[in-house]
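The values are calculated or read from the model by the stated rules, or taken from the named source; none is laboratory data. Please read these numbers as outputs of a predicted model, since none were measured by experiment. Cβ placement follows ideal geometry from the backbone for every residue including glycine, while neighbour counts extend to all protein chains displayed.
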Amino acid sequence: MKPLFFALLAMLCWGIGPIFSKLGLIKVEPFTALTIRTVAVAGVMILAGLFSGKLSNVAQVNWRAASFIIAEGILAALLGQLAYYYAIKGGEVSLVSPLAAAFPLITVLLAFLFLGESLSVPKVIGALLIVTGVIVIQR
C-alpha cells in the first residue's frame, strides 16, 4: 500500500509542477529557472537532511552507487529538466508534458536490455497505450 500511496503522490506533484513551471518561465530563461529551482531544492534537501539526521550516512555510500546516482541526476534532473523547460517555454504545457511523460517507454526497454527485467504482455500493452495516448493528445 505504501508504494501505491507514494506513486499517487508523485503523480499529483508531477501533474501540478508543470503548471508552476509554465507560469515561472513566462519571463525567465530556462537555464536561469532551472538554476533557481536546483538551488531551492538543494537548500530544502540539506535542511531536511540536517533536521532529520538522514545525512549522517552519506559518508557510507560507496563510489559506484554514488556514480550511478550522479549520472541519473545529470541526465534527469539537469539535462532532462532543462530540455523540458525549453519545451514548456516554447510550447503548450498540455502537449509537452504528456510527451515528456512517455519516458517509461525508454525505461521499460532499457530495463529489459540492461537489467534483465521481464518484458511481459502487460508491459508491452502498457507501452502501446502510452504511445497511443501521446499520439491522441498531440492531435
Specify which of the listed residues (Leu119, Leu78, Leu110) is of a type in the set (A, V, I, L, M, F, W, C) and under 19 Å from Gly17 (Cβ atoms). Leu78
Which one is nearest to the chain's Cα centre (by Cα), of the residues in the range 84-139 that are closer than 15 Å to Gly15 by Cα and of a type in the set (S, T, N, Q)? Ser97
Gly15 vs (1) farther than 19 Å from Ser94 by Cα; (2) surrounded by 10 or more Cβ atoms within 10 Å (Cβ to Cβ): all pass except (1)
Residue match in the range 34-54 (condition: in the same structural domain as Ala76 (by TED's automatic domain parsing), of a type in the set (Lys, Arg) and farther than 20 Å from Leu79 by Cα): yes
Considering each residue of the range 28-62, count those that are surrounded by 11 or more Cβ atoms within 10 Å (Cβ to Cβ) and over 23 Å from the mean Cα position of the chain (by Cα), and give that number. 1
Looking at Val121, Val41, Val28, Val108, which is the one that is hydrophobic (A, V, I, L, M, F, W, C) and touching a residue at least 12 places away in the same chain (Cβ under 8 Å)? Val108
What residue, of Gly133, Gly43, is modelled with pLDDT under 95 and more than 23 Å from Ile26 (Cβ to Cβ)? Gly133
Can you pull out the helices (runs of 4 or more DSSP H) entirely within the range 2-105 that have at least 1 residues that are farther than 22 Å from Val136 by Cα? 2-24, 30-52, 63-72, 81-90
Scanning for something touching a residue at least 40 places away in the same chain (Cβ under 8 Å) and either among the β-branched types (Val, Ile, Thr) or exposed (fewer than 10 other Cβ atoms within 10 Å of the Cβ) (or both), does the range 72-91 turn up at least one residue? yes
Tally, over the range 108-123, of residues that are surrounded by 12 or more Cβ atoms within 10 Å (Cβ to Cβ) and either among the hydroxyl-bearing types (Ser, Thr, Tyr) or part of a helix (DSSP H, G or I) (or both): 5
Exactly one of (1) outside the structural domain of Val131 (by TED's automatic domain parsing); (2) surrounded by 13 or more Cβ atoms within 10 Å (Cβ to Cβ) is unmet by Ala7. Its number? (2)
